[in-house]
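Novice: Take this structure first; my questions come after.
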Amino acid sequence: MNIPTAIKKFRKDKALSQQQVADAIKMNRVQYTRIETGKAEITTSTLEKICKVLDVSLMEFFKEDNTEVNSYDKNILEKVKLIEQLDEPQQKSLFNFIDTAISNKRLRDTLNNALSAAS
């Protein structure tokens, strides 16, 4: 979630109007609206004031849209899209893990087949 969207969400969660927040941070409502809609840049000091009014930490604005990701229930194309979002080292680690799991499965299958044939 981007900062303007987060500001709007937190404001609505507190059941405050744009005017109430603008007044609390001593800003014109039109300028505040431009910040909340992403049409104006926000300064760090203004964001800190908004945080105080909305009673949220500054870090809340920089969290990823981290509702938990549960890829188990996703289809293969959705999983690939999630993997594409990872940076290269994370992708390599994941691919190494997948390669190891596949190698282990093939080895198990080969051993089971050999044991079945020997019986």
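Read-outs: derived from the displayed coordinates by stated rules, not from any lab. Here the structure is a predicted model, which is why all the values come from computation and not from measurement. A quick note on method: Cβ atoms are made from the backbone with ideal geometry, for glycine too, and the neighbour counts reach across all protein chains shown.
Novice: Starting with the fewest neighbours, write out Leu54, Leu77 ranked by other beta-carbon atoms found within 10 Å of each beta-carbon.
Specialist: Arranged by neighbour count, lowest to highest, Leu54, Leu77 become Leu77, Leu54.
Novice: Asp99: net charge of surrounding residues, Cβ under 13 Å, Lys/Arg +1, Asp/Glu -1, itself excluded? Don't skip to the answer; put the middle values down first.
Specialist: Working: positive: Lys92, Lys105, Arg106; negative: none.
Net local charge, Asp99 excluded: +3.
Novice: GNM, the chain, Cα, under 10 Å: largest mean-square fluctuation among Ile102, Ile35, Ile25?
Specialist: Looking only at Ile102, Ile35, Ile25, the biggest GNM fluctuation is shown by Ile102.
Novice: Let me ask you something else. Among Ala15, Ala24, Ala101, which one shows the highest mean-square fluctuation when the chain is modelled as a Gaussian network with alpha-carbon springs under 10 Å?
Specialist: In this elastic network of the chain, the residue with the biggest mean-square fluctuation among Ala15, Ala24, Ala101 is Ala101.
Novice: Then there's this: Show me the trypsin sites (Lys or Arg not before Pro) within the range 18-64 that DSSP assigns to loop and that have at most 13 other Cβ atoms within 10 Å of their Cβ. Don't skip to the end; give the middle numbers.
Specialist: On the way: sites: Lys26, Arg29, Arg34, Lys39, Lys49, Lys52, Lys63; in loops: Lys26, Lys39, Lys63.
Loop-located and lightly packed - Lys26, Lys39, Lys63.
Novice: Any idea which of Ser119, Leu94, Leu58 is furthest toward the positive side of the dipole for the chain, if Lys and Arg beta-carbons carry +1 and Asp and Glu beta-carbons -1?
Specialist: Leu58
Novice: Hey, another quick one. Output the relative contact order of the chain, whole-number percent, from Cα pairs under 8 angstrom with separation of 6+ residues.
Specialist: 22 percent
Novice: Could you state, as a whole-number percent, how many of the C-alpha pairs of the chain are farther apart than 17 Å?
Specialist: Of the Cα pairs, 69 percent sit more than 17 Å apart.
Novice: Something else: Of Lys14/Lys52; Lys39/Lys79; Lys26/Lys63, which ones are farther than 22 Å apart at the Cα?
Specialist: From the list (Lys14/Lys52; Lys39/Lys79; Lys26/Lys63), the Cα-Cα distance tops 22 Å for Lys39/Lys79; Lys26/Lys63.
Novice: Additional query: Give the range of the longest stretch in the chain that excludes all GluC sites (Glu not before Pro) found in loop regions by DSSP and having at most 12 other beta-carbon atoms within 10 Å.
Specialist: In the chain, the maximal stretch lacking such sites is 69-119.
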